[in-house]
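Taking it in order: structure first as C-alpha cells, then the write-up.
The values are calculated or read from the model by the stated rules, or taken from the named source; none is laboratory data. Worth saying up front: this structure is predicted, and the values here are computed from it rather than measured. Note that we place each Cβ from the backbone using ideal geometry, even for glycine, and neighbour counts take in every protein chain shown. Just the protein is used for accessible areas: all its heavy atoms, side chains included, with ligands, DNA and RNA removed. Shrake-Rupley method; radii C 1.70, N 1.55, O 1.52, S 1.80 Å.
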Amino acid sequence: FSCSSGRQQCACPQNMLSAVVRHPPTLLAAQRPQHIRAATVRRRAGQFDPGAFLRQQEFDPLSLQSFRREALLQYKSTNQSEPLRIYLSLFVFLSSIASPLFYPRDADATYLAGAIVVFLASGAFFIREREKRTKQIVRLQREYSMGDLRIETVEPATQITKRCAAQSLRTKMRIVALYGSGPQLREAIAAAAPYRRRLQRSQVIVVPVSADDAGEAESAASLALGGPGGVRAARSWLGTAVGARAWRAYFEELLIDREDTLGRGIWVALNFKGRVVGSNFGSPVWDELLAALPPTLQLSSVEEAFAGAEPRDALDAQAEFYQALCKGDSAAMASLWVKEDDQELSFAVEVDADGKRTNLSTWEIVLAPDARPEIVVASQDAVLSRPGEAITTCIEFPVIGPTLLATQVWCKTPTEDGSGMKWKLRSHRTIPYAPSVEARVALRCDHRGCVAFGKQLDAMR
C-alpha cells in the first residue's frame, strides 16, 4: 500500500497506530506463540488449568531446591508427620547452638557435655531425615516428570492414531516403559506378546524406548512380533515413544545415581495415577507385573479362545493338560512333560536337612482326589515364541478362590514311535489375576511337581 501525497504518507502510519491503540489485543494476539495465546485465552475466560498449576516449580525451604508442586503435595499428603519431626529437630539443633548464651554461671562440665550431645544428636537426626525426605521428593519428581513425555497410541476400535502426553492417560491407561538396546527391547517385547489379551484387559500400554537410535525401537518391535503386520496387530497394547531424545534423557537421569548400569536395560511401570508400581533392570516378568496391574472388570468364564492364536495344536495340548489335571490322570500328566528341570522352580525348592520334608508337591500329591483342582478354563491364547517353542496362556476359574492367570511353555519333541512331533510341557505357572486382588502367592510347576511361593515385584526406587 502506498500513498500518493506526502500528507497521506504521514496519515497512513497515524491511522495504523490509532488502529493498534484502539484494538491492541486483536492485532497483537496473532504475533504471540501458540501456547501463550492459549494461556491468554484460558485466563481471559476465567478457566483454571490444574495440570499446569501442578507442574509449576515450587521452592522447598527444607531441601533448598525447587520441585514440581504435585510432587510436594503428594509427599505432604502421605507423610504428614515427617516434616514436623524434621522442623523440631532443626529447632533443637539451633537451640543447642545458642545454648552458650544461656549457660548459668555455675555450669560445670556435665552441662557442657549434655549440650554437645544434644547438638550432635539433633544435628545428625536433622541431616538424616532431611536427606531421606529429599530422596522421596526426588523420586516423586521423577515419577511425575514421566507424565510430560509423549506417547503415540492407536485406538483399537477406530484405528485412529493419537499423540498425547503420558499424564493425559492417567485414569485411562497404565504405562510400562522399556528402555534398552535393540536386542534388549526385542526380548522384552517378545516376552510380552503371549500376554497381549491380558495387557488389553489390564489397560496397559507398552512403550519401548531405544537407548541408541529412535528407529531401533520400531525395528525391535517388528523383529519381535514377526514383521510390520505383527506390529500393526499389537497396536492395541504397544505404543510409540514420541520425542525419543526426551525419553532417553529421562531414563539417563533415572540411572545417573545407579551403579553398574552400563549396557543394562530397565523397565518402569505406572498405575492409573501415574505412580510407579514397579521397576527393575532387564525384562519384566510379565505375569507377575500383570498381577500387580489387574483388570478393572470381572473376567468372563465363557470367553472363547483367541481367534488369532497360533499354533492351534498348542491349544489342543493345553486342553489335554487341563483334562489330565482335573481328572487326576497321572499317566496322562506324566506323558505331557519333558524331563527338564525348571530353573526358577529349582531355586524355590526347599528341602530339610533330613531330606524328608520339602515344599515341593509332587504330581501324585497334586492329582490326589482330595487335592486336585476344580477349575474352568477360558480366554485361551497361544504364541509361537521361536521355532519349536510355544507359549500358551489362559484364565483359570477355580471353584474356590480368585481367578488365575496361567502360562505354559511348550517345546516340540518327537513322538515315542517317531512318527511325528508333539508339544510337551516345559513349565506351568499361575498367579492371581482379578480386580482388587493382591497377588501374594505364585505357583510354579515342572515335571517334578509344583511349588507355591511368595511373589515379590522388585521395585527400583
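Contact order normalised by length for the range 136-204, with contacts defined as Cα pairs under 8 Å and 6 or more residues apart; what percent is it?
The value is 23 percent.
With +1 on each Lys and Arg Cβ and -1 on each Asp and Glu Cβ, how big is the dipole of the range 194-307 about its Cα centre, in debye rounded to the nearest 20?
Using only the charged Cβ atoms, the result is roughly 480 debye.
Students sometimes get this wrong: rank 127, 400, 175 by accessible area, probe 1.4 Å, all chains present, largest first.
400, 127, 175
Between rounded, prolate and oblate, where does the range 292-354 land on the alpha carbon gyration tensor, with a ≥ b ≥ c its root eigenvalues, rounded for a/c under 1.5, else prolate if a/b exceeds b/c?
Oblate, because a/c is 1.5 or more while a/b does not exceed b/c.
Which of rounded, prolate, oblate describes the range 313-426, given a ≥ b ≥ c as roots of the alpha-carbon gyration tensor eigenvalues and a/c under 1.5 marking rounded, otherwise prolate only if a/b is larger than b/c?
Oblate is the answer for the range 313-426, as a/c is 1.5 or above yet b/c matches or exceeds a/b.
Kindly report, to the nearest 10 Å², the accessible surface of residue 77 as traced by a 1.4 Å probe over protein heavy atoms only.
70
If I ignore ligands, DNA and RNA and count only protein heavy atoms, how much of residue 326 is accessible to a 1.4 Å probe, in Å² to the nearest 10?
Number for this one is 50 Å².
Could you work out the relative contact order of the range 212-288? I mean the mean sequence separation of Cα pairs under 8 Å and 6+ apart, divided by the number of residues, in percent.
16 percent.
Tell me the relative contact order for the range 304-455 as a rounded percent, counting alpha carbon contacts under 8 Å between residues six or more apart.
About 25 percent, as a whole number.
Heavy-atom accessible area of residue 375 with all protein chains present, probe 1.4 Å, nearest 10 Å²?
Accessible area of residue 375: about 30 Å².
Could you pull out the GluC sites (Glu not before Pro) across the range 206-274 that fall in loop regions by DSSP (anything but H, G, I, E, B) with no more than 12 other Cβ atoms inside 10 Å?
Loop-located and lightly packed - 259.
Tell me, what is a quarter of the convex hull surface for the C-alpha atoms of the range 150-251, in nm² with one decimal?
5.9
Could you please put 339, 412 in sequence from largest to smallest accessible area, using a 1.4 Å probe?
339, 412
On a C-alpha basis, how far is the centre of the range 212-244 from the centre of the range 112-155 in Å? Whole number, if you could?
37
Quick one: dipole size for the range 368-439, taken about the Cα centre, charges +1 on Lys/Arg Cβ and -1 on Asp/Glu Cβ, in debye to the nearest 20.
So the magnitude is around 300 debye.
Among 383, 305, 400, pick out the residue whose Cα is farthest towards the positive end of the charge dipole of the range 295-428, where Lys and Arg carry +1 and Asp and Glu carry -1 on C-beta, about the Cα centre.
The residue sitting farthest along the positive end of the dipole is 383.
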